[in-house]
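The values are calculated or read from the model by the stated rules, or taken from the named source; none is laboratory data. All values derive from a computational prediction rather than experimental measurement. Backbone-built Cβ (ideal geometry, glycine too); neighbour counts: all protein chains shown. Heavy atoms of the whole protein, side chains included, go into the accessibility calculation; ligands, DNA and RNA do not. Shrake-Rupley method; radii C 1.70, N 1.55, O 1.52, S 1.80 Å.
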Amino acid sequence: MKKQVESILEEIKDLNKNLVFKKKYKTLKIMEVCGTHTMAIAKHGIRQLIPASIDLISGPGCPVCVTPIREIDKIIEIIKKYDATVFTFGDMMRVPGTNSSLLAEKARGKKIKICYSPTDALDFAESNPDKKIIFLAIGFETTIPLTAVIVKRAFEKKLNNFFVYSTHKTLPQALNALLSDSCINIGGFLMPGHVSAITGSSMYEGIPQKYGIACVISGFEPENILLSIHAILRQITGNDFRVEIMYKSVVRPEGNPVAFSLIFDVFEPADSEWRGLGLILGSGLELKKKFEGFDAKKIFPVANPVSCEPPGCRCGDVIKGIIKPFDCKKFGKSCTPENPVGACMVSSEGTCAAYFKYMAGI
Amino acid sequence: MCLAIPAVVKKINRNIAEIESLGVLKKIDISLVPDVRKGDYVIVHAGFAIQVIDKEEALITEDYWKQYFTDEAGFEDNEEEYFEAGDNEDVQ
Ligand code: SF4
């Protein structure tokens, strides 16, 4: 494998040299939009392997990081006001709200449980009919069908103690929003492997032609990431911008139609706020009217909290790829994974956490 | 968050499958991949199989490696074809 990596690196260097020579770019910015890619790139030191004129930047690929602080504040308001048990994925626990976090509330005795699968929340609701259970649903297209399955199941079983608080978001709208922001000059996208496993490649059609950007759906092995970077350089060389799948064992052009259509059986698009990117039209998902009895936002109303981001934290700019974590004054000083200031340091897949873990000495 | 791992399906009982991943046995939900069969490899995310791994495609990717990046002589031979193949399905 080492030899393979070496030969592909040679190829990348040659293609890049040619492109710089032909003045196609001085620096090529390639953005990855998947937290798992962010981690893999940092862990395998891919940034250090490739030529310096290829700049790998991280985008809004970590669902926990892009969830705005207001959502955290709201769910905390709900558990303060109502007697309910909240289930969520572990990464959400430490995300700072304006004044508290789910972890801090749990330490104060509030009922908050970490689940591995959304079915854990549903099973708990079924075996505890006297308790109200809220599943705090988070994630992109990879995770949304899972929530859809359990909502449908709750509906079929006529459960009246199970609810979903949806912070689900869909990626393509965010990518379009990001691209219309003129200060970010992206030359290529490493598209997320597991989001695309559900959506297929057609979700991104339009982006390559409209913006002249190479789009390659990548797997997660270092070799596969390098191959995808190579494919991006090849598209630029040939002026042939399109959506290319380099993770064919898992990503089919049509995605997983069963899972994808399930999303829209249960949810409908709604405008949604993203940390760093602001409000993006149609980029969120709320439960359809048929399922409104399961909608925690309707069943447990709370006033809009006054939310504000931690002072000095630049997560918004990190998420947009405008700055690197090193550019934040707090990075590695007052903000570390043990004492995170912002969401990008909390989540194990946040860009600041990935840089801290694998690149702090560089 | 979108972390998902490969696993092999050992047993199927309605919407639940017993899988093995890295030597660990586990039960997962297979509602999202209704066509899955015993012996298939799947990608598992948060307790659900989200896609069946296409073994042939996995082999093709391996071939891509073999063809273009392991055998240097082979690479020289194929170089031109390889770069020209940019806009068809040849290079995956
Ligand atoms: S280093 Fe900490 S404070 Fe700075 S942007 Fe990242 S999470 Fe925010």
Going residue by residue through segment A:302-321, is there one that turns out to be away from the ligand (no atom under 16 Å from the Cβ) and open to solvent by less than 70 Å² (accessible area, probe 1.4 Å)? yes
Would you confirm whether or not segment A:116-139 contains a residue that is within 17 Å of the chain's Cα centre (by Cα) and either assigned to a loop (DSSP other than H, G, I, E, B) or of a type in the set (S, T, N, Q) (or both)? yes
Return the residues of segment A:1-43 that are β-branched (Val, Ile, Thr) and either farther than 30 Å from A:Thr143 by Cα or away from chain B (no Cβ under 14 Å) (or both); say none if nothing qualifies. A:Val5, A:Ile8, A:Ile12, A:Val20, A:Thr27, A:Ile30, A:Ile41
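A quick yes/no check of all residues on (1) open to solvent by less than 20 Å² (accessible area, probe 1.4 Å); (2) of a type in the set (D, E, K, R); (3) outside the structural domain of A:Asp55 (by TED's automatic domain parsing); (4) within 29 Å of A:Leu277 (Cα to Cα):
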site	(1), (2), (3), (4)
A:Met93	yes, no, no, yes
A:Leu103	no, no, no, yes
A:Leu122	yes, no, no, no
A:Pro145	yes, no, no, yes
A:Tyr165	yes, no, no, yes
I need the full set of residues from segment A:339-362 which are surrounded by fewer than 16 Cβ atoms within 10 Å (Cβ to Cβ), under 17 Å from A:Cys65 (Cα atoms) and more than 10 Å from the ligand (Cβ to nearest atom), in order please. A:Lys357
Out of curiosity, is A:Thr336 within 14 Å of chain B (Cβ to nearest Cβ), more than 7 Å from the ligand (Cβ to nearest atom) and in contact (Cβ under 8 Å) with a residue 12 or more places away in the chain? no
If you go through A:Ile263, A:Ile322, the only one that is farther than 30 Å from A:Tyr165 by Cα and among the aliphatic types (A, V, I, L, M) is A:Ile322
Within 8 Å of the ligand (Cβ to nearest atom), more than 29 Å from A:Lys80 (Cβ to Cβ) and touching a Pro at 6+ places or on another chain (Cβ under 6 Å) - does that describe any residue in segment A:323-331? yes
Only one of these conditions is not met by A:Phe155: (1) open to solvent by 80 Å² or more (accessible area, probe 1.4 Å); (2) assigned to a loop (DSSP other than H, G, I, E, B). Which number is it? (2)
So how many residues does segment A:144-187 have that are touching a helix residue (DSSP H, G or I) at 6+ places or on another chain (Cβ under 8 Å) and at pLDDT below 95? 9
